[in-house]
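Before any comments, here is the structure.
The values are calculated or read from the model by the stated rules, or taken from the named source; none is laboratory data. None of these values were measured; they are calculated from a predicted model. So basically every Cβ, Gly included, is an ideal-geometry build from the backbone, and we count neighbours across all protein chains shown.
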2 protein chains.
Amino acid sequence: MSTNPSPRANIKDVAREAGVSPTTVSHALNARGQVDAETRARVEQAALKLGYRPNRNAQRLRTGEAHMIVLLSSMPFAVAGGPSRLGFLMEVAAVAAAAALDRRLALVLAPPMETGRVPMELLDVDGALVIEPSAGDPNLAYLLRRGLPVVAIGKPAEEAADGPAMPPYVDIHSGQTTRLLLEHLHDQGARKVAMILGSAARNSYVEGQVAYQAFAAARGQAPLLSLVDEAEGENGGRQAALALLAAHPDIDAFCVPVDAFASGAVTAVRESGRRIPEDVMVVTRYDGLRARTCVPSLTAVDLHLDEVAQQAIALLFDHLRGDTSRRRVDGPAAQLVPRLSSARRG
Amino acid sequence: MSTNPSPRANIKDVAREAGVSPTTVSHALNARGQVDAETRARVEQAALKLGYRPNRNAQRLRTGEAHMIVLLSSMPFAVAGGPSRLGFLMEVAAVAAAAALDRRLALVLAPPMETGRVPMELLDVDGALVIEPSAGDPNLAYLLRRGLPVVAIGKPAEEAADGPAMPPYVDIHSGQTTRLLLEHLHDQGARKVAMILGSAARNSYVEGQVAYQAFAAARGQAPLLSLVDEAEGENGGRQAALALLAAHPDIDAFCVPVDAFASGAVTAVRESGRRIPEDVMVVTRYDGLRARTCVPSLTAVDLHLDEVAQQAIALLFDHLRGDTSRRRVDGPAAQLVPRLSSARRG
């Protein structure tokens, strides 16, 4: 199943490490047959050292138990936790969990942890959905090393040539979404549009930056772009907006796809003594609680995450069944949700 | 572990049914030893018939794999799905999943399904969190029959004397929360307060009704109470409010704890030609997307669901470890979140 360089340890590896036969390993780990305590301890240590586990997948097949998939966010807690908790990840989770159960898949939720790391090695899952994985995402790397089927929501970041193969994905068209927001700002009369993006190696930022640079070039505007560390959360967006406004006081709009950054940008615009939308417009991407409850409410896009989640589960289900023909699924086009924060001047 | 009447089938039951030894059952189901195809098929049929599964819990203990718990909502899709998807359940889920992972528990999400039924028998879980279980909740009954540790969020509905024992729970004080909302309405000047509750046998409705009747009696007001089938969702709340307003045109406030019903009540008040809050105030319980994005925004209560979720996971963890001493945990007190929908007149 796997062609990656460090496959999961198998029973023979454990037997070799412990200096016993594979049958003894099986008996020791499954509490069957006669295995003395000292041998059992040696086998258990070897299994632990090599990360070996009995093949739960085969057991699930045999007993009719649901296969387990995990839903992971690649976003840090600062952006996807706290006040943004009921965001993109959970909207996908609600739909994906129901769609998964319809296919005899149990969805385990792995939200961003304040401590930072998801203990993946505890989760003996059969496959995974990963939201917008960045380059080098450690959870994604772990899953791919184990040779498990993974589907990304949003195109995964390009890896180095010697990295693991890119997982199949549902394309959520981050470039088009950014163009939609930028052209809306232009249509509403904005003529000096600044952009705030995350600095992580995430495809949506890459596509967003390319779209912004093309937009600025087409309108003869110098690009005003700030890249913010996701770990800075709301305050990162605020600082970036303050710095941009100080350097370019004639900025009349901010396009800030990350909603936590957008909340910070709104604070910054207000702190600088400007009004939204009269002096500066602000738009964001995800149409969640932050966009809707911001004062003024933020123009955003409907990403049709229910359809995206359904597509992702269907794609992962294919790969779990061994049908790996589809590597990319075309997600729905985003639709603008215009709100007060970009209402036309005058 | 279990004292319930129909415990889970064990390996001896399967052996008896198939007419073989327990060792043969074990070998057949675990693809170990020499078992001929005919015997294996007979054992598998017996296991299927009796609903037997190998004790995954022991395997998880042995291999260090995370224990699996499931988070279930007892609410139907009409109330907890669709536009309310990012609601109470998912707010609990986000926090509970992280708290669970901190304790080596993997949280499987079982959201309300449009098809109605969660396929519990596929989920070989070690324990469960159930949100506000109603009397006769089939998922809860299934879990208790299997003798699995279950913790309820919100006091479970009282069962008949011969029903299964009530699971331990985190008390979210539905009576006090209702009093908080009703007294707020009175303080704001409302003098004829109607109440809309769900008709299901759910403890929060029972406590809410008791609190409302005491409130009305203390103020010499005849209770104006409507009970709505949860399956009716938003439109159920709308119809109930329209009927109450038609019968009692001097109603000046609605207390509607279920947010989907509250959205419907807001529509009804407006359809009747009345203004909110000038003519009729509307308040709800859960401070989610519906309350915050309603026009006007709805007064609600902060249930401190992050703390509730933490408490529930800690309690379930105790019961999973065999410490069953705590049957009830005192959840945090709800706090009023006053908004436009109950702004004082004049």
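Scanning segment B:117-145 for residues that are part of a loop (DSSP other than H, G, I, E, B), closer than 19 Å to residue B:88 by Cβ and more than 7 Å from chain A (Cβ to nearest Cβ) returns B:132, B:133, B:137. Candidates are the residues of segment B:58-81 that are assigned to a helix (DSSP H, G or I) and facing chain A (nearest Cβ under 8 Å); the one that is modelled with the lowest pLDDT is B:62.
Look at segment B:12-24: where a residue is among the β-branched types (Val, Ile, Thr) and a partner is in a helix (DSSP H, G or I), sitting 6+ places away or on another chain with Cβ atoms under 6 Å, you get B:14/B:25; B:14/B:46; B:14/B:47; B:14/B:50. For segment A:281-336, taking the residues that are polar (S, T, N, Q) and either touching a Pro at 6+ places or on another chain (Cβ under 8 Å) or over 30 Å from residue B:287 (Cβ atoms) (or both), the one that is surrounded by the most Cβ atoms within 10 Å (Cβ to Cβ) is identified as A:284. Residue B:107: of a type in the set (A, V, I, L, M), touching a helix residue (DSSP H, G or I) at 6+ places or on another chain (Cβ under 7 Å) and at the interface with another protein chain (Cβ under 7 Å from one of its Cβ atoms), yes or no? Yes; evaluated as a whole, the condition is true for this residue. The residues of segment A:304-325 that are within 14 Å of chain B (Cβ to nearest Cβ) and either in contact with a His (Cβ under 9 Å, 6 or more places away or on another chain) or in a loop (DSSP other than H, G, I, E, B) (or both) amount to a single one, A:304.
Kindly indicate whether any position in segment B:165-172 is part of a loop (DSSP other than H, G, I, E, B), buried (at least 21 other Cβ atoms within 10 Å of the Cβ) and either out of contact with any strand residue (DSSP E or B) (no Cβ under 9 Å at 6 or more places or on another chain) or at pLDDT below 95 (or both). So that I can check it myself, show each step before the final result.
So the first thing to find is which residues in segment B:165-172 are part of a loop (DSSP other than H, G, I, E, B), and the list is B:165-168, B:172.
Adding the requirement that they be buried (at least 21 other Cβ atoms within 10 Å of the Cβ) leaves B:167-168, B:172.
From what's left, either out of contact with any strand residue (DSSP E or B) (no Cβ under 9 Å at 6 or more places or on another chain) or at pLDDT below 95 (or both): B:167.
Yes, because at least one residue in segment B:165-172 is part of a loop (DSSP other than H, G, I, E, B), buried (at least 21 other Cβ atoms within 10 Å of the Cβ) and either out of contact with any strand residue (DSSP E or B) (no Cβ under 9 Å at 6 or more places or on another chain) or at pLDDT below 95 (or both).
Restricting attention to segment A:274-295 and to residues that are within 14 Å of chain B (Cβ to nearest Cβ) and out of contact with any helix residue (DSSP H, G or I) (no Cβ under 7 Å at 6 or more places or on another chain), the residue that is nearest to residue B:297 (Cα to Cα) turns out to be A:295.
Filtering segment B:119-158 down to residues that are of a type in the set (Gly, Ala, Ser) and over 19 Å from residue A:68 (Cβ atoms), which residue is surrounded by the fewest Cβ atoms within 10 Å (Cβ to Cβ)? Checked segment B:119-158; the qualifying residue surrounded by the fewest Cβ atoms within 10 Å (Cβ to Cβ) is B:136.
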